[in-house]
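The values are calculated or read from the model by the stated rules, or taken from the named source; none is laboratory data. The structure presented is a predicted model; accordingly, all values stated were derived computationally and were not measured. Counting neighbours? That spans all protein chains shown, and the Cβs are built from the backbone with ideal geometry, glycine included.
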There are 2 protein chains.
Amino acid sequence: MSEPVIVEVGLGERAYDILIGPGLLARAGTELSRRLPGTRAAVVTDQNVAAAHLETLKAGLEKGGIQPAIITLPAGEKTKSFAHLEEVVDGVLAAKLERGDVVIALGGGVIGDLTGFAAGIVRRGMNFVQIPTSLLAQVDSSVGGKTGINSPRGKNLVGVFHQPKLVLADTEVLDTLPIREFRAGYAELAKYGLIDRPDFFAWLEGNWTKVFVGGAERAEAIAEACRAKADVVARDEFETGDRALLNLGHTFGHALEGATQYDGARLVHGEGVAIGMALAHRFSARLNLASPDDAARVEAHLHAVGLPWRMSDIPGELPDAEALLGFITQDKKVSRGALTFILTRGIGQAFIAKDVPASEVLSFLKENHPGQPK
Amino acid sequence: MSEPVIVEVGLGERAYDILIGPGLLARAGTELSRRLPGTRAAVVTDQNVAAAHLETLKAGLEKGGIQPAIITLPAGEKTKSFAHLEEVVDGVLAAKLERGDVVIALGGGVIGDLTGFAAGIVRRGMNFVQIPTSLLAQVDSSVGGKTGINSPRGKNLVGVFHQPKLVLADTEVLDTLPIREFRAGYAELAKYGLIDRPDFFAWLEGNWTKVFVGGAERAEAIAEACRAKADVVARDEFETGDRALLNLGHTFGHALEGATQYDGARLVHGEGVAIGMALAHRFSARLNLASPDDAARVEAHLHAVGLPWRMSDIPGELPDAEALLGFITQDKKVSRGALTFILTRGIGQAFIAKDVPASEVLSFLKENHPGQPK
């Protein structure tokens with residue numbers, strides 16, 4: 001079996017490793033007991049992931065002498081609730097785990113966010129291990145320490161920063177994903193090239209088919225995205241500055257998710273981010289910040305991999321430009337009324353732009369709206 | 001009006017001030033807007049404290065231009081639950097507060113712990129201000145950043161470390177406390193003398209009546225306890241070592257609270273700590289670690305202020321020594337089966353003793369048990 005790629009996330013006392021490669025579920029016990037000898041564990045997962053991967057993980061943990069308690073939740077975004085948080089907390093306490101024992105998240109972003117939050121609050125912070133099973137979770141949730149649940153008043157409004165002790169990103173597991181979900185995760189992966197790694201974006205333009213097929217290129221692409229994110233997070237662990245760069249594509253993307261009522265049949269998060277990234281580049285070109293050629297390059301690549309890249313790629317009707325602007329100004333990342341955007345000076349040259357005039361955004365939305373007279 | 005005593009809690013980026021003195025509720029708006037200009041706020045309190053102090057605080061906040069949202073909860077330990085945590089989180093979000101706005105706890109330990117936890121998780125951490133209204137909360141909860149709720153499986157099992165931005169300890173408010181509650185808080189105050197400030201303990205022996213009466217000595221005693229705790233916490237913010245010293249008196253104390261089913265009519269927390277501290281000194285003398293004279297001095301001072309100091313001071317029957325030992329070994333501070341105690345070499349010379357033999361504890365409990373033949 002090939003050795004995994006290791007990405008070290010440098011956060012001082014909270015530093016940890018991300019292991020990326022095939023067959024890591026089967027090696028989980030070995031890797032865990034090497035780093036946290038004598039530990040006991042609970043595994044939190046959802047019903048779908050449990051059906052596909054839980055037995056493999058249990059067998060892998062057994063090799064390290066670990067027989068975990070298992071907490072299985074319903075699949076889906078609604079699981080990120082107070083009720084399920086309490087369920088996980090109670091399950092971990094029922095297993096009589098101590099502060100030095102481990103809570104393991106086996107699943108996508110929902111399970112990772114919820115489980116990390118529970119691990120962050122039981123006994124004021126237990127050891128946490130992530131085993132992300134979606135591409136989105138492998139590139140996005142593996143680094144950053146953000147955990148949380150949704151409130152009826154908005155998504156991800158409640159949570160803590162809690163860093164894992166170890167992340168196992170098993171690249172083989174991704175072969176069980178629906179292709180549309182893999183593509184959506186790929187949008188977040190490509191984002192890191194667009195933020196500050198132009199060479200990585202160029203490499204993806206040439207090698208994306210191998211990332212989709214699997215093998216060494218897939219592991220390397222995930223590793224590079226994790227390295228890129230780790231660099232940003234190390235500069236700004238608690239999101240007071242630079243970390244906002246990670247929201248490239250997310251302001252437009254969230255607005256489109258809101259405008260489609262978070263209906264996954266029309267638009268999933270990564271697809272919203274794909275369109276959002278294309279719009280952020282096109283908007284930057286309109287403001288004479290970046291070359292239109294760079295915007296065209298981004299659009300062409302997203303199109304090549306099969307991702308939506310313009311508003312007209314979303315099935316069904318969209319609200320008009322004024323309504324879309326309303327979704328943007330409601331966004332929780334709007335600070336004290338000022339419109340903050342992640343804009344760019346070209347591929348790999350994203351920056352935080354504060355006080356972007358709402359009138360410019362509105363004009364741009366009107367120009368690009370599929371159902372509106374120009 | 002006299003100027004408050006200011007204790008600076010040095011925690012690097014998380015450093016903050018504790019203001020201690022009379023009339024601080026009325027000055028809350030001035031102090032808050034000086035430190036966090038333009039902030040909006042929510043006040044979390046309980047029905048009893050609201051009746052006594054909320055109008056004074058609201059008038060005080062108004063002077064700083066702050067009109068807070070108010071969240072009022074039932075009084076009592078049962079309020080430290082998931083249900084009330086969710087209620088506070090929702091109330092703060094309903095008030096549309098942003099990450100830089102302030103959540104204020106007005107109340108005793110229950111309100112402080114619950115509110116700090118909510119502030120620590122809404123938007124992954126909002127600004128938090130403590131206005132503790134009991135002596136126990138002023139000396140114990142003002143410093144340390146521990147927040148949390150209870151689980152059906154045990155007290156304080158769920159929470160986060162979240163430091164306040166400011167603590168206002170209004171010493172005048174304490175005059176509304178029942179004397180028994182004031183005395184229970186005094187036990188925690190005296191604890192800091194016993195841990196590592198022998199001069200402070202000697203000062204209390206000579207000046208405790210002035211602390212009970214109020215005035216400058218009361219503020220100074222609270223300030224000295226906060227300084228002492230801040231020194232320990234600065235050495236060990238996340239409780240991996242020295243911070244365990246703060247548990248002086250708590251191992252025996254918790255066992256006695258458990259043995260009396262947390263029945264406040266028989267024993268409140270501070271009283272348990274008082275008896276626990278006396279027992280910790282007497283046990284240390286029995287192990288030839290400290291002089292019996294020091295144990296006698298501790299007992300005499302607790303007796304002088306009207307606190308219970310021996311098991312026979314608890315009304316009603318206690319379980320036998322074996323059962324009491326059972327409560328100790330169940331305690332969450334027992335790490336991987338080893339019995340850890342805070343023992344002492346004399347007044348102000350407490351230390352962490354690991355691997356204390358259970359047999360010694362049992363013999364000691366038998367010797368000191370009021371209902372057991374010696």
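Condition first: in contact (Cβ under 8 Å) with a residue 24 or more places away in the chain and assigned to a helix (DSSP H, G or I). Now tell me which residues in the range A:232-242 satisfy that.
Listed by number, the residues that qualify are A:Val232, A:Val233, A:Ala234, A:Asp242.
Which number in (1) closer than 22 Å to B:Arg153 by Cβ; (2) assigned to a strand (DSSP E or B) marks the one condition that A:Leu106 misses?
That leaves (1) as the condition not met.
For every residue, the table says whether it meets (1) over 21 Å from A:Leu343 (Cβ atoms); (2) in the same structural domain as A:Lys146 (by TED's automatic domain parsing); (3) among the aromatic types (Phe, Trp, Tyr).
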{"residue": "A:Lys229", "(1), (2), (3)": "no, no, no"}
{"residue": "A:Arg235", "(1), (2), (3)": "no, no, no"}
{"residue": "A:Phe238", "(1), (2), (3)": "yes, no, yes"}
{"residue": "A:Phe252", "(1), (2), (3)": "no, no, yes"}
{"residue": "A:Ala274", "(1), (2), (3)": "no, no, no"}
{"residue": "A:Met277", "(1), (2), (3)": "no, no, no"}
{"residue": "A:Ala290", "(1), (2), (3)": "no, no, no"}
{"residue": "A:Asp294", "(1), (2), (3)": "no, no, no"}
{"residue": "A:Gly326", "(1), (2), (3)": "no, no, no"}
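Within the range B:276-302, work out how many residues are closer than 27 Å to B:Glu77 by Cα and out of contact with any Asp or Glu (no Cβ under 7 Å at 6 or more places or on another chain).
Qualifying residue count for the region: 5.
Quick one: would you say B:Thr240 is within 14 Å of another protein chain (Cβ to nearest Cβ) and either more than 30 Å from B:Glu31 (Cβ to Cβ) or more than 17 Å from the chain's Cα centre (by Cα) (or both)?
Taking the combined requirement at face value, the residue satisfies it.
Given the conditions (1) more than 16 Å from the chain's Cα centre (by Cα); (2) closer than 19 Å to B:Leu245 by Cα, and given that B:Trp203 satisfies all but one, which numbered condition is not satisfied?
(2)
Could you say which residue among B:Thr39, B:Thr56 is at pLDDT 95 or above and among the β-branched types (Val, Ile, Thr)?
Criteria check complete, one pass: B:Thr56.
Can you find even one residue in the range B:77-97 that is small (Gly, Ala, Ser) and either at pLDDT below 95 or under 16 Å from B:Ala50 (Cα atoms) (or both)?
Within the range B:77-97, not a single residue is small (Gly, Ala, Ser) and either at pLDDT below 95 or under 16 Å from B:Ala50 (Cα atoms) (or both).
Just checking, how many residues over the range A:145-187 are within 30 Å of B:Met126 (Cα to Cα) and either of a type outside the set (D, E, K, R) or more than 14 Å from chain B (Cβ to nearest Cβ) (or both)?
Qualifying residue count for the region: 20.
Pairs needed: first member in the range A:171-191, of a type in the set (Asp, Glu); second member anywhere, in a loop (DSSP other than H, G, I, E, B); C-beta distance under 7 Å; at least 6 residues apart or different chains.
Matching pairs, first to second residue: A:Glu172/A:Pro22; A:Glu172/A:Gly23; A:Asp175/A:Gly214; A:Glu181/A:Ser134.
Quick check, is A:Gly112 surrounded by fewer than 24 Cβ atoms within 10 Å (Cβ to Cβ), over 15 Å from B:Gly159 (Cα atoms) and assigned by TED's automatic domain parsing to the domain that holds A:Ser81?
No.
Condition first: within 11 Å of A:Glu172 (Cα to Cα) and either at pLDDT 95 or above or part of a helix (DSSP H, G or I) (or both). Now tell me which residues in the range A:205-215 satisfy that.
Listed by number, the list holds a single entry, A:Val213.
Just checking, does the range B:229-242 include any residue being small (Gly, Ala, Ser) and buried (at least 22 other Cβ atoms within 10 Å of the Cβ)?
no
Here is a check on your reading of the model: is A:Ala219 in contact with a Phe, Trp or Tyr (Cβ under 8 Å, 6 or more places away or on another chain) and either in contact (Cβ under 8 Å) with a residue 40 or more places away in the chain or on the phi > 0 side of the Ramachandran plot (or both)?
Against the criterion (in contact with a Phe, Trp or Tyr (Cβ under 8 Å, 6 or more places away or on another chain) and either in contact (Cβ under 8 Å) with a residue 40 or more places away in the chain or on the phi > 0 side of the Ramachandran plot (or both)), A:Ala219 does not qualify.
For a quick check of your reading: which helices (runs of 4 or more DSSP H) sit entirely within the range A:255-331 and have at least 2 residues that are surrounded by fewer than 20 Cβ atoms within 10 Å (Cβ to Cβ) and without any contact (Cβ under 8 Å) to a residue 60 or more places away in the chain?
A:292-305, A:321-330
So, in the range A:105-133, of the ones that are touching a Phe, Trp or Tyr at 6+ places or on another chain (Cβ under 8 Å) and more than 14 Å from chain B (Cβ to nearest Cβ), which residue ends up farthest from A:Ile20 (Cα to Cα)?
A:Thr115
Within the range A:84-101, count every residue that is hydrophobic (A, V, I, L, M, F, W, C) and touching a helix residue (DSSP H, G or I) at 6+ places or on another chain (Cβ under 7 Å).
Selection size over the range A:84-101: 4.
Counting just the residues of the range B:64-89 that are within 14 Å of chain A (Cβ to nearest Cβ) and in contact (Cβ under 8 Å) with a residue 60 or more places away in the chain, which one comes out nearest to A:Val89 (Cα to Cα)?
Going through the qualifying residues, I end up with B:Phe82.
Take the range A:2-33 and flag every residue that is closer than 19 Å to A:Gly120 by Cβ, surrounded by fewer than 19 Cβ atoms within 10 Å (Cβ to Cβ) and of a type outside the set (A, V, I, L, M).
A:Gly12, A:Glu13, A:Arg14
For the subset of the range B:127-186 comprising residues that are under 22 Å from B:Glu13 (Cβ atoms) and among the small types (Gly, Ala, Ser), which member is surrounded by the most Cβ atoms within 10 Å (Cβ to Cβ)?
B:Ser141
Residues B:Asp140, B:Asp101: which one is modelled with pLDDT of 95 or more and of a type in the set (Asp, Glu)?
B:Asp101
Quick one: is A:Gly145 modelled with pLDDT under 95 and within 15 Å of A:Lys229 (Cα to Cα)?
So A:Gly145 passes the test.
Can you tell me which of B:Val102, B:Val92 is closer than 23 Å to B:Thr39 by Cα, within 11 Å of chain A (Cβ to nearest Cβ) and of a type in the set (Val, Ile, Thr)?
Testing whether each residue is closer than 23 Å to B:Thr39 by Cα, within 11 Å of chain A (Cβ to nearest Cβ) and of a type in the set (Val, Ile, Thr) leaves just B:Val92.
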